[in-house]
Ligand SMILES: Cc1ncc(COP(=O)(O)O)c(C=O)c1O
């Protein structure tokens with residue numbers, strides 16, 4: 001159509017294309033968003049003026065000089081968040097497949113939250129009081145609602161907490177391997193992640209104490225329950241020793257409790273319930289058990305550090321959106337919430353077992369421990385395999401997996417893959433993914 005030409009009426013489009021009025025209105029919305037159509041209320045939709053073609057491209061090279069040598073590396077995070085092409089067996093990603101998410105309950109909770117007359121007012125600072133109280137009760141161990149700060153999801157909590165605790169240039173002890181998103185946050189904040197090895201029982205307390213002594217670090221980031229990527233749970237006899245090591249160094253422990261509700265076996269209580277000295281800063285996120293866009297979480301801390309974190313959040317973002325806080329409160333207070341958690345756990349158990357069976361059949365040469373919860377298997381590849389090249393070849397062959405290397409803060413001691421069992425549409429897709437992966441590894 002020529003610019004300015006009037007589009008047929010909605011009714012004519014409905015007739016011509018044999019689609020519903022809703023589809024026509026969505027299509028027009030998309031065309032308008034793409035700048036191809038302009039709508040004028042009352043007079044209809046018109047073909048938009050064409051963008052100026054040709055001309056010299058703008059010279060933006062000056063920006064490189066102005067921005068200087070600082071850079072933010074989001075490559076690992078964007079690999080995790082970018083959807084795979086259609087037809088790919090998706091064995092990577094950090095969230096439940098939509099069929100496992102409580103989509104209907106979320107819609108109900110959001111509708112109830114949005115209907116409140118004060119839904120769009122500012123929330124009380126610190127968060128909606130009933131939600132703070134829910135987090136305090138759920139974590140237990142003497143945590144009070146006043147210790148709880150409602151935040152905008154786990155990732156934002158990591159940024160806020162690490163910025164509050166440490167100045168740029170400071171070392172941060174992390175498990176090796178660890179969640180690559182925390183490495184991205186630390187590096188973007190000018191911190192230096194220092195690796196402390198984990199084995200089947202979680203972080204090694206002897207090496208943690210050594211790392212504190214050698215680095216002078218004032219904080220240790222850890223996931224004691226269903227560690228991402230290895231799935232390990234910190235062994236009972238190590239919990240006190242980890243706290244002791246931090247106490248001896250005068251350091252904080254940042255406990256990322258991202259997978260509490262994804263336990264195929266019951267997780268131990270949060271480490272913060274064992275801490276009487278305000279040493280543990282606890283991050284409780286719920287996106288993993290619900291949906292990625294329910295971006296509300298909590299940070300629990302006691303003493304001056306709580307004040308520092310609260311102030312950092314206020315300066316960075318004011319407060320998390322109230323309708324989302326209210327939605328989460330509605331969801332966790334609804335009668336269907338415990339049922340949802342039970343069904344997610346059952347589905348994860350079945351998927352984990354199906355994936356392990358597929359590996360035992362098609363790729364017995366990979367060494368994989370059976371995780372007690374979380375979303376992932378951590379597979380040790382045969383020596384000499386390049387995990388990054390393998391993950392890229394696997395994607396070309398139609399299966400998405402994560403290379404192990406980006407999860408290590410420094411050199412990777414051995415090649416690994418992280419394989420997720422929660423992101424595929426079905427157990428059949430998991431099995432097909434392993435079949436494709438085996439074919440790639442063999443070739
Ligand atoms: C260990 C860990 N912590 C935190 C996060 C952040 O998740 P969210 O911001 O959705 O709470 C993730 C997400 O992948 C994770 O795996």
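Nothing in this text is a laboratory measurement; each read-out follows from the coordinates by a stated rule. What you see is a predicted model, and the numbers here were worked out from it, not measured in a lab.
Quick notes on this one:
- Gaussian network model of the chain, springs between alpha carbon atoms under 10 Å - residue of 26, 345, 260 with greatest fluctuation: 26
- Kirkwood Rh, angstrom, the range 281-395 [1 / mean 1/r, Cα pairs]: 18.2
- More than 40 angstrom apart: percent of Cα pairs within the chain: 28
- GNM result for the chain, Cα springs below 10 Å: residue of 375, 100, 67 fluctuating most strongly: 67
- Among beta bridges that DSSP assigns inside the range 182-337, antiparallel share in %, nearest 5: 40
- Radius, Kirkwood style, for the range 6-129 when every pair of distinct Cα atoms is counted (Å): 21.2
- Degrees between helix 129-139 axis and first principal axis of the chain (Cα, 0 to 90, nearest 10): 40
- Considering only the chain, percent of DSSP beta bridges that pair antiparallel, nearest 5: 55
- Inter-part distance where the range 173-216 and the range 87-127 are each reduced to a Cα centre, Å: 32
- The chain, relative contact order [Cα under 8 Å, separation at least 6], %: 20
- Nearest-ten-degree value, helix 21-33 long axis tilted from longest Cα axis of the chain: 80
- Tilt relative to the chain, helix 322-333 - C-alpha long axis, 0 to 90 degrees, to 10: 60
- Normalised size of the range 114-333, defined as Cα radius of gyration per 2.2 N^0.38 Å with N residues, equals 0.98.
- Helix-only CD estimate at 222 nm, as mean residue ellipticity for the chain, using -39500 (n - 2.57) per DSSP H run (n ≥ 4): -13000 deg cm²/dmol
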